[in-house]
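Participant: Here's a structure for you.
The values are calculated or read from the model by the stated rules, or taken from the named source; none is laboratory data. This one's a predicted model, so the numbers in the text were calculated from it and none came from an experiment. FYI the Cβ positions are ideal-geometry reconstructions off the backbone, even for glycines, and counts take in every protein chain you see. Quick note on the areas: whole protein, heavy atoms, side chains included, nothing else; ligands and nucleic acids left out. Shrake-Rupley method; radii C 1.70, N 1.55, O 1.52, S 1.80 Å.
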Amino acid sequence: MKKGILALVIGLSVLACPILYFTVGPKLDEMQIDTMKILLIVCGCSALFCFAVGELSRNNSQMDKLWSILPEVYIWIIAIRSGLKTRLVVMACIATLWGARLTFNFARKGAYRLRFWEGEEDYRWAVLREKKEFQPHWKWMLFNLFFISIYQNVLILTTTLPALISMRSDAPFGVLDGIAAALMAGFLVLETVADEQQWAFHSKKKALLKDGAKLSDLPAPYNLGFNTTGLWSRSRHPNYLGEQGVWASFYLFSIGAEIGVFNWSIIGALLLIVLFLGSSAFGEEISASKYPLYATYQKRVSKFIPWKKFEV
């Protein structure tokens with residue numbers, strides 16, 4: 001049922017983009033179309049790389065490695081082709097800070113190696129690969145091609161569309177742009193703190209388990225197996241909240257550019273939210289199967305918005 005609802009939301013979101021483009025606008029001018037062609041070439045090459053390397057290496061985190069790099073590449077291409085307008089430079093700089101943080105967080109988990117096809121794979125891909133829905137391997141190969149490689153690359157590109165439609169704007173950098181920048185910075189701080197708390201918790205738990213101890217033998221809160229400290233005591237996914245907030249705030253720049261309150265570049269933020277709904281649900285399914293008290297945690301703590309504090 002949940003998968004059907006997510007599929008419906010994705011379908012409606014994808015349909016919304018062309019409908020908004022032709023009914024609300026704005027239409028792309030010649031420079032924007034030429035820039036879009038460059039972005040699509042980069043996107044296509046990335047998708048091909050992710051699929052080929054993922055299949056050959058059996059490591060499907062190739063897109064994960066590029067997730068934090070591609071957006072700022074796209075936005076800097078747009079900013080440079082616009083003549084480095086103030087609004088677009090600010091957008092590119094904040095996106096670069098976002099990318100540096102996320103790249104660092106992924107790198108310290110062992111994701112990047114000199115042999116670029118190697119590195120730590122996100123544990124969820126291994127779990128998903130073993131599900132009966134993806135047996136035999138050709139079914140997984142199609143999933144890798146269309147969802148992991150193509151869809152996620154297109155999704156990353158769509159999150160940067162507010163920059164593309166802001167290219168031709170002559171509106172000065174204003175109050176709304178400042179609010180958008182401040183919100184992006186705030187959400188960036190939020191997910192940075194959340195990731196640091198998560199890293200500290202699991203590093204400590206791993207160190208305690210090295211001595212041959214069982215999870216149940218560990219002191220609280222490590223004996224739970226999952227993090228319930230700091231932001232994680234009030235939100236099950238504060239890092240995801242920050243990530244969604246960053247790109248929802250990014251959309252506000254298009255309004256500051258006087259493109260319109262509602263325009264087709266919102267598609268990226270919408271699709272990202274849908275992705276995190278699905279990703280968080282799958283991650284929680286795995287956690288609930290591993291940790292007995294995770295179901296209680298789910299009942300008492302909000303998925304995204306910080307609310308009531310968790311207490312065992």
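Participant: Kindly indicate whether ALA207 is in a helix (DSSP H, G or I), among the small types (Gly, Ala, Ser) and within 22 Å of GLY268 (Cβ to Cβ).
Facilitator: On the way: in a helix (DSSP H, G or I): yes; among the small types (Gly, Ala, Ser): yes; within 22 Å of GLY268 (Cβ to Cβ): no.
So ALA207 fails the test.
Participant: Residue by residue through the stretch 212-238, note down the ones that are open to solvent by less than 30 Å² (accessible area, probe 1.4 Å) and not hydroxyl-bearing (Ser, Thr, Tyr).
Facilitator: Taking the stretch 212-238 as the starting set, the residues that turn out to be open to solvent by less than 30 Å² (accessible area, probe 1.4 Å) are 218, 224-228, 232-233, 235-238.
Answer for the stretch 212-238, where residues must be open to solvent by less than 30 Å² (accessible area, probe 1.4 Å) and not hydroxyl-bearing (Ser, Thr, Tyr): LEU218, LEU224, GLY225, PHE226, ASN227, TRP232, ARG236, HIS237, PRO238.
Participant: Just give me the residues in the stretch 70-115 being β-branched (Val, Ile, Thr), free of Cβ contacts under 8 Å to residues at least 12 places away in the same chain and more than 19 Å from ALA248 (Cα to Cα), in sequence order. Break it down into steps so the answer makes sense when it comes.
Facilitator: Here is the first cut: in the stretch 70-115, the ones β-branched (Val, Ile, Thr) are 73, 75, 77-78, 80, 86, 89-90, 94, 96, 103.
With the extra rule that they be free of Cβ contacts under 8 Å to residues at least 12 places away in the same chain, the set shrinks to 80, 89.
ILE80, the sole residue that qualifies.
Participant: Here are some conditions: (1) open to solvent by less than 50 Å² (accessible area, probe 1.4 Å); (2) within 24 Å of LYS65 (Cα to Cα). PHE187 meets all but one. Which one does it not meet?
Facilitator: With respect to (1) open to solvent by less than 50 Å² (accessible area, probe 1.4 Å); (2) within 24 Å of LYS65 (Cα to Cα), PHE187 is out only on (1).
Participant: Another question about this same structure. Any idea how many residues of the stretch 69-84 are under 16 Å from MET31 (Cβ atoms) and of a type in the set (D, E, K, R)?
Facilitator: Going through the stretch 69-84 one residue at a time, the tally reaches 1.
Participant: Let me ask something else. Can you spot a residue in the stretch 20-29 that is modelled with pLDDT under 95, hydrophobic (A, V, I, L, M, F, W, C) and outside any helix (DSSP H, G or I)? Walk me through how you get there before you give the answer.
Facilitator: So in the stretch 20-29, the residues modelled with pLDDT under 95 come out as 20-29.
Now restrict to residues that are hydrophobic (A, V, I, L, M, F, W, C): 20, 22, 24, 28.
Pick out the ones that are also outside any helix (DSSP H, G or I) and you get 24, 28.
Among the residues of the stretch 20-29, at least one is modelled with pLDDT under 95, hydrophobic (A, V, I, L, M, F, W, C) and outside any helix (DSSP H, G or I), which makes the answer yes.
Participant: So, one more: Give the stretch 144-166 a look and list any residue that's over 14 Å from the mean Cα position of the chain (by Cα) and either among the β-branched types (Val, Ile, Thr) or buried (at least 17 other Cβ atoms within 10 Å of the Cβ) (or both), or say none.
Facilitator: ASN144, LEU145, SER149, ILE150, LEU161, PRO162, ALA163, LEU164, ILE165, SER166
Participant: Here is a follow-up. Which condition from (1) charged (D, E, K, R); (2) surrounded by 20 or more Cβ atoms within 10 Å (Cβ to Cβ); (3) closer than 17 Å to TYR123 by Cα is the one that GLU243 breaks?
Facilitator: (3)
Participant: Look at the stretch 48-78 and say how many of its residues are under 16 Å from THR158 (Cα atoms) and among the small types (Gly, Ala, Ser). Walk me through it before giving the result.
Facilitator: Residues of the stretch 48-78 that are under 16 Å from THR158 (Cα atoms), as a first pass: 63, 66-78.
Restricting the remaining residues to those that are among the small types (Gly, Ala, Ser) gives 68.
Residues that pass the stated criteria total 1.
Participant: Every residue in the stretch 279-298 that is under 19 Å from LYS205 (Cα atoms), among the hydrophobic types (A, V, I, L, M, F, W, C) and more than 24 Å from the chain's Cα centre (by Cα), please.
Facilitator: LEU293, the sole residue that qualifies.
Participant: Output yes when any residue across the stretch 258-277 is open to solvent by 40 Å² or more (accessible area, probe 1.4 Å), farther than 27 Å from LEU102 by Cα, out of contact with any strand residue (DSSP E or B) (no Cβ under 9 Å at 6 or more places or on another chain) and assigned to a helix (DSSP H, G or I), and no when none is.
Facilitator: There is no residue in the stretch 258-277 that is open to solvent by 40 Å² or more (accessible area, probe 1.4 Å), farther than 27 Å from LEU102 by Cα, out of contact with any strand residue (DSSP E or B) (no Cβ under 9 Å at 6 or more places or on another chain) and assigned to a helix (DSSP H, G or I).
Participant: List every residue pair whose Cβ atoms lie under 7 Å apart, where the two residues are 6 or more positions apart in sequence or sit on different chains, the first residue falls within the stretch 131-150 and is in contact (Cβ under 8 Å) with a residue 40 or more places away in the chain, and the second residue, located anywhere, is crowded, with 17+ Cβ neighbours inside 10 Å and outside any helix (DSSP H, G or I).
Facilitator: The qualifying pairs are ASN144/ASN60; ILE148/ASN60.
Participant: Now, a different point. VAL175 is checked against (1) surrounded by fewer than 16 Cβ atoms within 10 Å (Cβ to Cβ); (2) at positive phi and fails just one. What number does that condition carry?
Facilitator: Tallying (1) surrounded by fewer than 16 Cβ atoms within 10 Å (Cβ to Cβ); (2) at positive phi, VAL175 fails exactly one: (2).
Participant: Show me the helices (runs of 4 or more DSSP H) entirely contained within the stretch 136-204 in which 3 or more residues are under 23 Å from TYR240 (Cα atoms) and at pLDDT 95 or above.
Facilitator: On the way: elements: 137-143, 152-159, 161-165.
Qualifying helices (runs of 4 or more DSSP H): 152-159, 161-165.
Participant: Filter the stretch 103-127 down to the residues that are aliphatic (A, V, I, L, M) and touching a helix residue (DSSP H, G or I) at 6+ places or on another chain (Cβ under 7 Å), then identify the one that is least open to solvent (accessible area, probe 1.4 Å).
Facilitator: Quick first cut of the stretch 103-127, residues aliphatic (A, V, I, L, M) only: 107, 111, 114, 126-127.
Going one step further and asking which of them are touching a helix residue (DSSP H, G or I) at 6+ places or on another chain (Cβ under 7 Å), we end up with 111, 127.
Working: ALA111: 0, VAL127: 57 Å².
My answer is ALA111.
Participant: A further question on this structure: Can you name every residue in the stretch 191-211 that is surrounded by 13 or more Cβ atoms within 10 Å (Cβ to Cβ) and hydroxyl-bearing (Ser, Thr, Tyr)?
Facilitator: THR192
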